[in-house]
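Written out below as structure tokens is the structure these notes cover.
The values are calculated or read from the model by the stated rules, or taken from the named source; none is laboratory data. Treat the numbers as computed from the prediction; the structure is a model and nothing was measured. Here the Cβ positions follow ideal geometry from the backbone for every residue, glycine too, while neighbour counts run over all protein chains shown. Just the protein is used for accessible areas: all its heavy atoms, side chains included, with ligands, DNA and RNA removed. Shrake-Rupley method; radii C 1.70, N 1.55, O 1.52, S 1.80 Å.
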Amino acid sequence: MLNVLRRSANSIFIKLLLIFIALTFLVWGVESYVNSRNQLPVVQADGWSIGPQEFSETYEEEFQRLRERSGGALDKKTAEMLGLKQRVVTSLINRHLILKAGRDLRLTVAPSVLRQRIESTPAFQLDGKFDKDRYMLLLRNNRMGAPEFERQLAADIVSDQIRRTVTTPTVVPKAMVNDILRMENEKRLVELVSIDPASLEGDIHPSNEELEAFLKKNQARFMTKTKVKLQYALLNVDSVRDAVQVSDAEIQEFYTEHAKEYRKEETRKVRHLLARIDEKTDATTADEKIRKAQSRLKAGESFEKVAKELSDDASAAQGGELGEFGRGVMVPEFEKVAFALEAGKVSDPVQTEYGVHLIRVDGITPAEAKPLEKVTPEIRGRIVEQKAKDLVFDRSSTFDDQLAASGDLKTISNDLNLRFKETEFLTQDDKNLSGIEQEAKFLEAAFGTTKGTLSSLIELPNAQFVALKVMDRQEPAPKTLEQSKDELLQACKAEKAKETSLQVMKDVIKAMGEGKSLEALQSMHAKLQISTPPAFLREGQEKEPGPRIRDTAFKLHPTKPNHPEILEEDGRLIALRLNKIQDATPEELAKAEKESLLKIEQMLGQEQLIAYLNSLWTHANIKINQEVLDRL
């Protein structure tokens with residue numbers, strides 16, 4: 001069902017933020033209710049099944065969404081490696097289990113609730129109101145009838161209601177809240193002794209003999225770079241754009257679907273006079289000020305003058321002028337009156353959370369839609385671009401077939417109108433790399449392919465496909481002392497400085513364990529630095545100290561205050577000693593209680609949902625047909 005909303009949401013909905021490496025989503029809103037009866041199901045359970053069509057549609061929807069989120073970098077092979085198939089199967093099973101629970105509980109959705117949900121969906125609205133013609137048009141464009149859509153929407157509402165009910169904890173134990181509050185608001189005071197190895201490098205001067213020995217020991221670090229000379233053929237929108245045709249009907253349909261993009265909403269230029277209501281001024285006093293202002297206005301004084309003298313708002317100096325604005329800017333009570341007034345009229349008193357207002361509309365700029373003929377070139381270009389991308393994906397199959405048949409990139413490029421290029425020798429970090437040559441997948445194929453070998457077809461972001469052939473290849477070779485002297489000298493100095501710093505810090509930690517003072521510790525080496533940062537929380541917002549120091553500090557106890565190992569953070573080597581544990585004050589605990597309670601409720605809610613789903617899985621007799629899944 002959500003396919004309809006997503007496909008029509010380019011300028012209406014803020015797209016969902018997805019971080020692909022997590023992939024811990026639940027597909028609550030996508031389902032096909034028609035499984036192919038002529039095919040084996042992907043999943044079979046008591047009372048329901050998931051067919052290949054439902055799985056494929058859901059998988060493709062999730063893949064395309066994640067692909068878009070990755071800027072086009074995600075391909076099917078990578079998605080497979082990251083387990084997208086299994087996660088989609090799990091998500092669909094979870095959805096079906098909840099829908100089955102809803103049926104068992106005889107849960108239904110009232111027609112009025114369903115109608116309200118549809119009419120409040122922005123995708124189906126025009127000028128902020130439900131538009132039936134737009135509703136039917138979007139359904140037709142997604143090859144769906146109203147009854148089918150509404151059945152699926154009702155199922156979404158039921159499953160969402162069950163999920164909300166399950167994730168709402170009934171009681172949060174007071175003891176748990178208190179323990180978490182104390183733990184989260186407890187602070188640590190520490191003593192830090194640190195050294196930056198880089199600060200020692202200026203005093204280190206290796207001889208040529210030492211450099212020769214260092215090079216021999218670390219020869220693998222000092223090698224020339226792999227170089228390749230390539231041929232490649234690129235299929236992109238430039239290859240197919242001339243073949244794209246756009247009809248007037250398509251332009252009209254696009255214009256209708258994206259009407260809000262081509263419409264400037266009504267704006268109003270407004271002044272106001274505010275009698276503020278706050279702890280110092282009650283409603284009676286504010287009303288008296290408003291009545292006084294009304295009397296002066298009726299006597300013929302200008303609104304600007306009265307506002308300057310009586311208004312409590314910062315706009316008083318400008319005669320109450322608020323400038324020109326559209327809907328959705330002011331608080332609802334103010335907006336309703338401002339957009340109902342005629343130009344030049346002054347409103348009756350209007351009360352908002354800020355106090356009591358008198359409002360005057362100085363000017364009205366009516367809503368205006370850009371005529372179709374003015375935006376036709378823009379719309380044509382957008383349609384051409386999308387069609388070209390679709391055509392690229394279609395033509396990529398022909399590209400792949402010709403690669404298998406001939407492998408001659410120049411001939412294939414001529415046949416399919418591809419961009420063909422022959423390069424000079426390149427390295428992976430070559431400054432002359434341009435365009436797709438800088439893409440990680442391109443470089444991976446270029447430097448992972450043997451000389452004389454043709455790569456497979458590579459999918460790149462933004463509807464691009466490329467195939468390449470390594471014409472020549474130069475493998476890494478050991479550098480001589482002269483070739484690598486500058487970087488060799490730096491690496492040798494850095495290693496010696498690190499070795500010296502480690503020994504200094506081992507001595508510091510030993511001295512810490514003996515109870516030496518900070519002054520005594522600092523005297524152990526000229527480059528040592530001492531710091532005692534302010535008391536900090538386990539997960540505080542302070543930039544200092546860093547995460548490793550923070551985590552370590554909260555593992556220490558006053559009976560064993562010294563951390564026995566050297567920490568490393570931002571290039572510095574650090575020794576840490578716990579100075580004091582600082583408990584939260586009653587005032588701090590009271591302030592944090594409300595926020596902590598919400599977090600605990602959310603945590604318990606997720607645990608309840610997981611337990612509920614596990615229970616449903618246990619009793620559902622679920623069987624996953626891995627052979628069918630592998631074929632899809």
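Given their separation in residues at 0.36 nm each and the Cα-Cα distance between them, R296 and I364 gain 22.0 nm when the chain is fully extended. Farthest towards the positive end of the charge dipole of region 360-487, among the residues A367, I458, G435, is the Cα of A367, using unit charges on the Cβ of Lys, Arg, Asp and Glu.
Rounded if a/c is under 1.5, else prolate if a/b beats b/c, else oblate: with a ≥ b ≥ c from the C-alpha gyration tensor eigenvalues square-rooted, which is region 248-348? Since a/c reaches 1.5 and a/b is larger than b/c, the shape of region 248-348 is classed as prolate.
Distance between the pseudo-spin-label points of M144 and E333 (7 Å out from Cα toward the beta carbon): 4.0 nm.
Extension gain, L137 to E519, is 129.7 nm, computed as 0.36 nm per intervening residue step minus the present C-alpha separation. Assuming R0 = 41 Å, can you tell me the calculated FRET efficiency for the pair Q490 and E544, based on Cβ-Cβ distance, to the nearest 0.05? For Q490 and E544, the calculated efficiency is 0.90. Between L105 and T78, the distance separating the two model label sites (each 7 Å from Cα on the Cα→Cβ line) works out to 4.0 nm. Given a Förster distance of 35 angstrom, what is the FRET efficiency for R164 paired with H557, based on the Cβ-Cβ distance and rounded to 0.05? Efficiency, from the Cβ-Cβ distance: 0.25. Surface composition of the chain: carbon plus sulfur atoms hold 50% of the accessible area, using a 1.4 angstrom probe and ignoring ligands, DNA and RNA.
Take every Cα pair under 8 Å in the chain that's 6+ residues apart, average their separations, divide by the length, and report that relative contact order as a whole percent.
The value is 25 percent.
Listed peptides 507-520, 570-583 appear in the order 570-583, 507-520 once ranked by packing, highest mean of other Cβ atoms within 10 Å at the front.
3J(HN,Hα) along region 491-507: 5, 5, 4, 5, 5, 5, 5, 5, 4, 5, 5, 4, 5, 4, 6, 5, 5 Hz, from the Karplus curve 6.51 cos²θ - 1.76 cosθ + 1.60 with θ = phi - 60°, whole Hz, x for Gly and Pro.
Amide H to amide H distances under 5 Å link L230 with T423, M471, where only residues 5 or more positions off or on other chains count and H is placed in the peptide plane. Ranked by the mean number of other Cβ atoms within 10 Å per residue, highest first, peptides 526-537, 43-54 order as 43-54, 526-537. Measuring nothing but alpha carbons in region 119-184 and taking Rh as the Kirkwood radius, the Rg to Rh ratio lands at 1.34. Estimated at 0.36 nm per residue, the fully extended path between A404 and S199 surpasses their Cα-Cα distance by 68.0 nm. The candidate values are (1) 2.67; (2) 1.48; (3) 1.35; the one derived from this structure for Cα Rg over 2.2 N^0.38 Å carries the label (3). Averaged per residue, region 380-474 has 54 square angstrom of accessible surface, using a 1.4 angstrom probe with ligands and nucleic acids left out. In a reduced charge model with +1 at each Lys and Arg Cβ and -1 at each Asp and Glu Cβ, the chain shows a dipole moment near 760 debye about its Cα centre.
Taking the centroid of alpha carbons for each part, region 188-242 and region 282-320 are 70 Å apart. Ligands, DNA and RNA aside, R419 has an accessible area near 110 Å² when probed at 1.4 Å. Solvent-accessible area per residue in region 131-181 equals 55 Å², computed with a 1.4 angstrom probe and all protein chains kept. Using θ = phi - 60° in the Karplus curve 6.51 cos²θ - 1.76 cosθ + 1.60, the 3J(HN,Hα) couplings for region 151-156 round to 5, 5, 5, 4, 5, 4 Hz; x is entered for Gly and Pro.
Couplings 3J(HN,Hα) for region 404-420, derived from phi with the Karplus relation 6.51 cos²θ - 1.76 cosθ + 1.60 (θ = phi - 60°), are 5, 7, 10, x, 8, 5, 5, 5, 4, 4, 5, 5, 9, 6, 8, 7, 10 Hz, where x marks Gly and Pro. Just name one of V113, S397, L211: the one whose Cα is farthest towards the positive end of the charge dipole of the chain (beta-carbon charges, Lys/Arg +1, Asp/Glu -1). Selected residue: V113. Accessible area per residue for region 231-345 is 56 Å², calculated with a 1.4 Å probe on protein heavy atoms, without ligands, DNA or RNA.
Our summary gives region 243-350 a relative contact order of 29 percent, counting only alpha carbon pairs under 8 angstrom and 6 or more residues apart.
Calculated from the alpha-carbon coordinates, region 508-557 shows an Rg and a Dmax of 12.9, 33 Å respectively. One quarter of the convex hull surface built on the alpha carbon atoms of region 519-632 amounts to 14.7 nm², the projected area averaged over directions.
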